[in-house]
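Worksheet: one structure, shown below.
FYI, it's all coordinate maths here, none of it is from the lab. Since this is a predicted model, take the numbers as computed values, not measurements. So basically every Cβ, Gly included, is an ideal-geometry build from the backbone, and we count neighbours across all protein chains shown.
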């Protein structure tokens, strides 16, 4: 196979959670540009419909938007059913949907801790288990979890006052490696991407005048001295979703401008 062909996803079906905006939209766009048809899911249908229309027009692929709260198992069941009804298979699953919520560490409310684990870990597991069963039946597949550099380290209170977040992403790293071993006999690969600071709606606050100090301190931590953007994510996810990474499984690929190297 020629090198360029290794990266093509023509005829594949990719399901991307949190696909209506931010990193999820970056990911969905990259997969579509490589030829994959899409199912994109999130809680807000308005964002999904706008993203779906934009991607269809730009890439000429089929895009199905499905409203889904990954904290609700019944929503996950409906999402998988909708994907199979529309396309008959799921070749690529990207578990991108996630949540964060900030509060002082010593006053962090338990209900928010539980909420973040419910979305960032429990929801990922439930959807992955259901889709992996589909992939096993169809002869294989590819699962990509979106982790974070915060899954490898602690974070300063001024920059990231969301104490459960790091733990949820560390759990995703461990789940990725564990499932890679357990699902390999079924020809299912499982990898993860750990992004650093990306220019998304979730991170937009740090570029406002009120957070200039936090922005400047964040940039001091990134050797490349910039935020990641859409093209910085598209190539990485297409690599992991395609035959270009066919011998990789159980890997957490850090995409952070050198943050963890410093």
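Normalised by residue number, the volume inside the convex hull of the Cα atoms of segment 1-83 is 91 Å³ per residue. For segment 131-262, the orientation-averaged shadow of the C-alpha convex hull comes to 8.7 nm² (one quarter of the hull surface).
Taking every alpha-carbon pair within segment 218-262, the share separated by more than 16 Å comes to 47 percent.
Relative protection proxy for 21-31, 128-138, 2-12, 219-229, from highest mean packing down: 21-31, 128-138, 219-229, 2-12 (other beta-carbon atoms within 10 angstrom).
Taking 0.36 nm per residue of sequence separation and removing the Cα-Cα distance, the residue 174/residue 101 pair yields an extension gain of 24.1 nm. In angstrom, the C-alpha Rg and Dmax of the chain are 17.7, 56.
Look at the alpha carbon pairs under 8 Å that are at least 6 residues apart: their mean separation over the length of the chain gives a relative contact order of 20 percent. Report, in degrees rounded to the nearest 10, the 0 to 90 angle that the Cα long axis of helix 212-221 makes with the longest principal axis of the chain. Orientation of helix 212-221: about 70 degrees from the principal axis. Extent along the principal axes, Cα only, for segment 27-69: 27, 15, 14 Å, with the longest axis given first. Helix-only arithmetic for the chain: the sum of -39500 (n - 2.57) across DSSP H runs with n ≥ 4, divided by the residue total, places the mean residue ellipticity at 222 nm at -13500 deg cm²/dmol. Using the alpha-carbon positions of segment 59-124, Rg (one decimal) and Dmax (whole number) come out as 15.5, 50 Å.
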